[in-house]
1. Which of the helices (runs of 4 or more DSSP H) found entirely inside the stretch 194-284 contain at least 2 residues meeting this: over 19 Å from the mean Cα position of the chain (by Cα) and buried (at least 18 other Cβ atoms within 10 Å of the Cβ)?
2. Restricting attention to the stretch 182-193, which residues are under 19 Å from residue 143 (Cα atoms) and either buried (at least 23 other Cβ atoms within 10 Å of the Cβ) or touching a helix residue (DSSP H, G or I) at 6+ places or on another chain (Cβ under 8 Å) (or both)?
3. Across the stretch 301-349, what is the number of residues that are buried (at least 19 other Cβ atoms within 10 Å of the Cβ) and closer than 14 Å to residue 381 by Cα?
4. Are there any pairs, at least 6 apart or on different chains, whose C-beta atoms fall under 8 Å, with the first in the stretch 1-23 and assigned by TED's automatic domain parsing to the domain that holds residue 50 and at positive phi and the second in a loop (DSSP other than H, G, I, E, B) and surrounded by 13 or more Cβ atoms within 10 Å (Cβ to Cβ), and if so, which?
5. Looking only at residues that are at pLDDT 90 or above, in a loop (DSSP other than H, G, I, E, B) and closer than 22 Å to residue 196 by Cα in the stretch 119-144, which one is nearest to the chain's Cα centre (by Cα)?
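The values are calculated or read from the model by the stated rules, or taken from the named source; none is laboratory data. Predicted model only: the values in this text are computed from it and were never measured. Cβ: placed from backbone, ideal geometry, glycine included. Neighbour counts: every protein chain shown.
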């Protein structure tokens, strides 16, 4: 197990009725930007709860943050914050809205073109406005981490940034606010969460017994609750366990002291930028093929995954690895996420374009051992066609 420092400053208010905690978290004189998506929080009662909790505080609303939040949209929010001298950012929505809030918080006082925050991975970001969050969609873990991913559709780019400066000061997580979400969004949340765990777990052994067992527990929980929460969206126990799994998957603890991969995300972001495929769907396409290509370097962990997550104990090592990869793909298919490029009308030729884009950006090696390459990326995507 490697040396590590773990710091997570986000206070979490979890459970029904916790939106009321906003009144205690915000200063009475706070000047707030409320950032939101397409308007579902108006219909499901979340906005009304938020407004009641905020009381008479000054609040400016900004609507229209997209799934895979777009830079040009968010820059309009940045200008609103600057113009009105707002002091807090309050995203109310899913991971895209939370990611957008982090970008806005970092961009408001940034002295250069804010796109450089993404291009340079924020090496010169020195401050950010404080963020509080109300989560309404389980998926990205953005409510309890310092990462965000922003798209710029005008130039077909999708880049990420990680900094402790943009951790939410606090987040409210009420599973009941997710009951009205359509099955597609819940399935995407499940698929995204599953891959978040895999990117930190299925690499190579690091003698990190606690992190391994924690990761395996989240994976098994997802496998158990996925069909329950999709079949009965108002089953609070199932939905609460899904929501908490999504938070735990990417709030830092399972990744400390262990090697991490993120190859599926690196490749998947390119598919979203080029073809607009939902993020979780790109992971369903890419991850099984990454595991197949990397089965030799990840041999020990694949066997551990087969045994502890899928209860595969019989047969040869290679047969169990085959079965574990097949079950991974089948799990994504079972929740409605297709796992082939052809399912999204994307030709196999996109594999070469993704490889070219990675090379052009200077991404020559990546992955847990830093030995995946653009050429191997092309091989992965052609196998996923």
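1. On the way: elements: 209-231, 236-249, 263-275.
It comes to 209-231.
2. Of the stretch 182-193, the ones under 19 Å from residue 143 (Cα atoms) are 185-193.
Result: 186, 187, 188, 189, 190, 191, 192, 193.
3. Residues in the stretch 301-349 being buried (at least 19 other Cβ atoms within 10 Å of the Cβ) and closer than 14 Å to residue 381 by Cα: 3 in total.
4. 15/174; 17/174
5. Kept after step one, since they are at pLDDT 90 or above, are these residues of the stretch 119-144: 119, 125-138, 141-144.
Cutting the leftovers down to in a loop (DSSP other than H, G, I, E, B) gives us 125-130, 136-138, 141.
Still in the running and closer than 22 Å to residue 196 by Cα: 136-138, 141.
Details: 136: 14, 137: 11, 138: 9, 141: 6 Å.
Looking at residues that are at pLDDT 90 or above, in a loop (DSSP other than H, G, I, E, B) and closer than 22 Å to residue 196 by Cα, I get 141.
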